[in-house]
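This report concerns only the one structure given below.
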Amino acid sequence: MRTRSQKNIQTALMLLALGVFSNILFSQTANESVDMSDITTITSPSPKFKHIYLQSHKGLPRFGAQNMYHKLNERGGVIGIDRVKNDLVKQSYQNYFNLLFMKFLSTEYDDIDREYLTEVTYENRDNKKDINSKVVQANLHALALGLGSKSQVTQYFCDQEDGNCRFKRNWSGTRDDFEIQEKYAAYVKENLDDLRAWSKTLFKDNRLNAYWVHKYEFNPYGNPVLQYDFEKNGYWVDVYPSGRNHHQKGFQYHGDEAFFFEFLPETAYGNNHLNIMNDGNNFWPKMLLKLSPSDAEALVDRKTRNLYATFHVNIIFKEVNNSHAGLPQLTYTFHLTDPIITFYEDVELTQKLAEISLEQPIYKEN
């Protein structure tokens, strides 16, 4: 009988792999006819693996609220989606966070069984090496499916006799246990060391310079959520630099919230804002986004549905958290590297509206 801990591990491993199945057959040339002007590319070190494409802003990776490549009508309603680009970038974010998992679980990867897939049973449930091997084998499986070139996926996850990829969840693409073990061992021998070497090039010095984008609902149904303050000439907006508070999910899979979970400022303006956030009566501090009445009226007349704020941040890897049953959790801290928060009218971040400076903030009194 499996223990609760074993069930948690099994569930977590299944969730880790599920994200890669629907989009794995993109070839390395999938972006030839796609506009990549808003993309930063992490180049694959080998044709065996796909490049990684992350959305960018001002040349830096972009996280938080993202462009889902929706096609809109004149009123701003969604009428379709650029499926090719959406799928390409979505898979890349999954691959990116799986590579980070590989990088920062280097110790656990040292315990991997390179010949056989590890099973965790009642008898070995307390064997740390076996548990580590099971966890990282699931991560490797997700990377092999999601990051492998089309030829790699065909070689290791499709039945070589008939080319059938029906069982591509399995190594070898069959249900034959011997074939499964053989394909796994062959993949490890050919690719594991190359993947680990690539993963170590990410997050140089365990840091990443990036942008975090926060979405504000402004005028979703013709009735502004944010109310204009005619006395102060502006809108009061929550300025809460953390990924814990809102539905900011985009393509980021399981990693983005961890990036922005712990705000640890390294500047005077950042510490001042954190102190205000830590005030028990002001957990979501509101700041004045100054805008003239005429500009505010024009904003409403344009039927702008959402506003997007950009934060220039530095993300720092903290540690691996093994305190919960199931998958180890990567933990990070982040701080602001620029006091200026810029607001845009569009998810593409091309129509600048206004700015807030954390060095000269105007907070709303409770």
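The values are calculated or read from the model by the stated rules, or taken from the named source; none is laboratory data. Since the structure is predicted, the reported quantities are computational estimates derived from the model, not experimental observations. With ideal geometry, Cβ positions are generated from the backbone for all residues, glycine too; neighbour counts draw on all protein chains shown.
Which residues, counting only those in region 293-346, are under 23 Å from ASP229 (Cα atoms), over 19 Å from the mean Cα position of the chain (by Cα) and of a type in the set (A, V, I, L, M, F, W, C)?
Matches in region 293-346: ALA296, ALA298, LEU299, VAL300, LEU307, ILE340, ILE341, PHE343.
Let's see how each residue does on (1) surrounded by fewer than 14 Cβ atoms within 10 Å (Cβ to Cβ); (2) among the acidic types (Asp, Glu):
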| position | (1), (2) |
| --- | --- |
| HIS324 | yes, no |
| GLN329 | no, no |
| TYR332 | no, no |
| HIS335 | no, no |
| PRO339 | no, no |
| GLU345 | no, yes |
| LEU358 | no, no |
| ILE362 | no, no |
| ASN366 | yes, no |
Query raised in the report: Only one residue in VAL213, VAL153 is under 30 Å from ILE356 (Cβ atoms), β-branched (Val, Ile, Thr) and at pLDDT 90 or above, so which one is that?
Result: VAL213
Requested in this report: Select from region 309-322 the residues that are buried (at least 19 other Cβ atoms within 10 Å of the Cβ) and either polar (S, T, N, Q) or more than 18 Å from GLU257 (Cβ to Cβ) (or both) and list them in ascending order.
Outcome: THR310
Report summary line: Those residues of region 48-97 which are within 25 Å of LEU299 (Cα to Cα), without any contact (Cβ under 8 Å) to a residue 60 or more places away in the chain, more than 19 Å from the chain's Cα centre (by Cα) and in a loop (DSSP other than H, G, I, E, B) amount to ASN73, GLU74, GLY77
Query raised in the report: Out of all the residues in region 322-343, is one or more within 22 Å of ASN223 (Cβ to Cβ) and at pLDDT 95 or above?
Result: yes
Query raised in the report: LYS168 passes all but one of (1) touching a Phe, Trp or Tyr at 6+ places or on another chain (Cβ under 7 Å); (2) more than 30 Å from THR107 (Cα to Cα); which number fails?
Result: (2)
Query raised in the report: Got a sec? Which of GLU161, GLU119, GLU182, GLU190 is modelled with pLDDT of 95 or more, in a loop (DSSP other than H, G, I, E, B) and more than 25 Å from the chain's Cα centre (by Cα)?
Result: GLU119
